[in-house]
1. Of these, Leu29, Leu65, which one is more than 28 Å from Ile88 (Cβ to Cβ) and either touching a Ser or Thr at 6+ places or on another chain (Cβ under 9 Å) or of a type outside the set (S, T, N, Q) (or both)?
2. Cβ-Cβ distance below 9 Å, separation of 6 or more or different chains: which pairs start in region 79-95 with a residue that is within 14 Å of Leu57 (Cβ to Cβ) and surrounded by 17 or more Cβ atoms within 10 Å (Cβ to Cβ) and end on one that is of a type in the set (Ser, Thr, Tyr) and at pLDDT below 95?
3. With the condition kept exactly as written, say whether any residue in region 108-116 is among the aromatic types (Phe, Trp, Tyr) and farther than 24 Å from Ile9 by Cα.
4. Pairs needed: first member in region 109-127, under 17 Å from Asp98 (Cβ atoms); second member anywhere, part of a strand (DSSP E or B) and of a type in the set (Phe, Trp, Tyr); C-beta distance under 6 Å; at least 6 residues apart or different chains.
5. Name the residue that is nearest to His121 (Cα to Cα), counting only residues in region 45-88 that are more than 19 Å from the chain's Cα centre (by Cα) and charged (D, E, K, R).
6. Residues to consider are Gly10, Gly75, Gly31, Gly5; find the one that is surrounded by fewer than 15 Cβ atoms within 10 Å (Cβ to Cβ) and at positive phi.
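The values are calculated or read from the model by the stated rules, or taken from the named source; none is laboratory data. These numbers were taken from a predicted model, which means no experiment stands behind them. Reconstructed Cβ throughout: ideal geometry from the backbone, glycine too, with neighbour counts over all protein chains shown.
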Amino acid sequence: MIKFGDIKIGDYLMGEFEGKMWEGEVVRLNGEDKQVCVQTDVQEFWFETDKLHPIPLNDEALRKLNFIKEEQADGSVKYKKDAFRLVIPAKDDFSHIDMWYREDRRHNPDVHYVHQLQNAHLQMTKMHLTSEPV
């Protein structure tokens, strides 16, 4: 479950509806009823927060967000999108992350899911992280 206060319009999440998982983008929030409207490839669905699931942060998710991957000589992996950078210690090891945007550097922030990365990116760049190429 994701806390309602951690969700922002534009975040990518998974919603559970009739036993099926739907990936989509948050398009509206209803703070009064704590409901989230997610646009999937089929249609918009409203979800209670107990039916929302985070998308794990991994190589596939970063590639969907149009990050460019660079494997480093020391075995670490750098992901780049515009001036935003993300480094993990080894291929597919997202247990420790360093990220930076210009002079704002964050060492091992509490980022394990795509929506958390999107929210950290928004704090750092003042722009929402989307799947659009730069």
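1. The match here is Leu29.
2. Here the result reads Ile88/Ser95, each pair linking region 79-95 to a residue that is of a type in the set (Ser, Thr, Tyr) and at pLDDT below 95.
3. no
4. Correct list of pairs: Met124/Tyr101; Thr125/Tyr101.
5. Out of the qualifying residues, it is Glu70.
6. Only one candidate qualifies: Gly75.
Condition check ((1) surrounded by 18 or more Cβ atoms within 10 Å (Cβ to Cβ); (2) of a type outside the set (D, E, K, R); (3) at pLDDT 95 or above) across all residues:
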| site | (1), (2), (3) |
| --- | --- |
| Met99 | yes, yes, yes |
| Glu103 | no, no, no |
| Asn108 | no, yes, no |
| Val111 | yes, yes, yes |
| His115 | yes, yes, yes |
| Gln118 | yes, yes, yes |
| Met124 | yes, yes, yes |
| Leu129 | yes, yes, yes |
| Glu132 | no, no, no |
